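Taking it in order: structure first as structure tokens, then the write-up.
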Amino acid sequence: MKLYTVPLSNFGNKSVIVAYEKGLKLEVVPPPGDTKSPEYLAINPLGKIPALQVNGMVISESEVINEYLEDKFPSPPLLPKEPEARACVRGFTRHHDLYLDPPMRALFFQMDPKTRNAEVVKQSLAELDKQLDYLESRIGSPWAAGQSFTLADCALAPSIWYVGKIAPAFGAGDPFLKRPKLKAWFERVQQRPSVKRALEEQGQALAAMMSGGQ
């Protein structure tokens with residue numbers, strides 16, 4: 001199996017954490033050229049990462065990849081058996097993709113003060129604050145969806161890590177200060193070996209980017 005992604009990608013790292021958690025032999029490689037290169041578009045016409053190449057097919061979209069890996073390699077399980085509990089996990093993963101990531105991503109591309117759009121920053125910070133409050137009201141213990149480490153934790157961890165780095169850079173302060181449940185969850189999930197490994201790689205990639213490296 002080959003996963004096309006880069007260490008900076010929070011979506012790619014969702015799938016990397018699943019692979020680490022399950023102990024899979026997964027070759028993680030960057031897209032050839034870049035995501036819009038003819039070489040990569042021949043692999044994944046969507047031109048997005050991550051994409052999983054396996055058994056002669058290409059699976060795109062991180063959550064589709066993660067559910068495929070769960071179906072293909074069910075041990076250790078990252079989805080509970082009960083329909084209601086599975087719906088809870090999927091509620092977190094969908095919230096991440098559709099509501100949490102967009103304002104965080106918008107801020108990521110406003111990091112340079114020289115090209116910063118003040119209105120985009122204002123709107124994105126307000127929306128991010130709203131979505132973090134939602135998570136604070138829903139997040140479980142010890143893991144996001146309750147007693148078991150699941151795809152919900154895999155989805156949230158890379159992006160919440162970014163939130164902790166990005167929000168203070170815009171003067172928003174500590175995003176965990178008034179969100180004790182989210183803070184407790186994030187402190188715990190960072191110690192999970194699969195998450196710790198992925199976040200270390202994500203941190204190294206961000207440091208390289210900020211210093212002008214690859």
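The values are calculated or read from the model by the stated rules, or taken from the named source; none is laboratory data. What you see is a predicted model, and the numbers here were worked out from it, not measured in a lab. FYI the Cβ positions are ideal-geometry reconstructions off the backbone, even for glycines, and counts take in every protein chain you see.
Miscellaneous remarks
- Taking the criterion of being at pLDDT 95 or above, more than 20 Å from residue 200 (Cβ to Cβ) and surrounded by fewer than 20 Cβ atoms within 10 Å (Cβ to Cβ), the residues of the stretch 147-173 that qualify are 147, 148.
- Each residue in the stretch 41-56 was checked for being exposed (fewer than 14 other Cβ atoms within 10 Å of the Cβ) and farther than 15 Å from residue 73 by Cβ, and 4 of them qualify.
- In the stretch 64-98, the residue that is farthest from the chain's Cα centre (by Cα) out of those that are acidic (Asp, Glu) and either within 27 Å of residue 165 (Cβ to Cβ) or assigned to a helix (DSSP H, G or I) (or both) is 84.
- Unmet requirement for residue 144, which otherwise passes all of (1) surrounded by fewer than 18 Cβ atoms within 10 Å (Cβ to Cβ); (2) without any contact (Cβ under 8 Å) to a residue 60 or more places away in the chain; (3) among the aliphatic types (A, V, I, L, M): (1)
- Single residue of the stretch 161-196 satisfying the filter (of a type in the set (Gly, Ala, Ser) and part of a helix (DSSP H, G or I)) that is nearest to residue 142 (Cα to Cα): 184
- Residues of the stretch 83-110 satisfying the condition of being loosely packed, with under 15 Cβ neighbours inside 10 Å and within 13 Å of residue 170 (Cα to Cα): 109
- From the options 120, 163, residue that is hydrophobic (A, V, I, L, M, F, W, C), outside the structural domain of residue 62 (by TED's automatic domain parsing), out of contact with any Asp or Glu (no Cβ under 8 Å at 6 or more places or on another chain) and over 23 Å from residue 16 (Cβ atoms): 120
- Considering (1) touching a Ser or Thr at 6+ places or on another chain (Cβ under 8 Å); (2) surrounded by 21 or more Cβ atoms within 10 Å (Cβ to Cβ), the lone condition that residue 4 does not fulfil carries the number (1).
- Residue among 20, 40 that is assigned to a helix (DSSP H, G or I), farther than 24 Å from residue 190 by Cα and not assigned by TED's automatic domain parsing to the domain that holds residue 138: 40
- Those residues of the stretch 57-79 which are surrounded by 13 or more Cβ atoms within 10 Å (Cβ to Cβ), of a type outside the set (D, E, K, R) and in contact (Cβ under 8 Å) with a residue 12 or more places away in the chain, in sequence order: 58, 60, 62, 65, 66, 68, 69, 73, 77, 78, 79
- Test: residue in the stretch 22-40 that is over 20 Å from residue 7 (Cβ atoms), among the hydrophobic types (A, V, I, L, M, F, W, C), surrounded by 13 or more Cβ atoms within 10 Å (Cβ to Cβ) and at pLDDT 95 or above: no
- Considering 34, 101, 112, the condition of being closer than 30 Å to residue 211 by Cβ, assigned to a helix (DSSP H, G or I) and not small (Gly, Ala, Ser) is satisfied by 101 alone.
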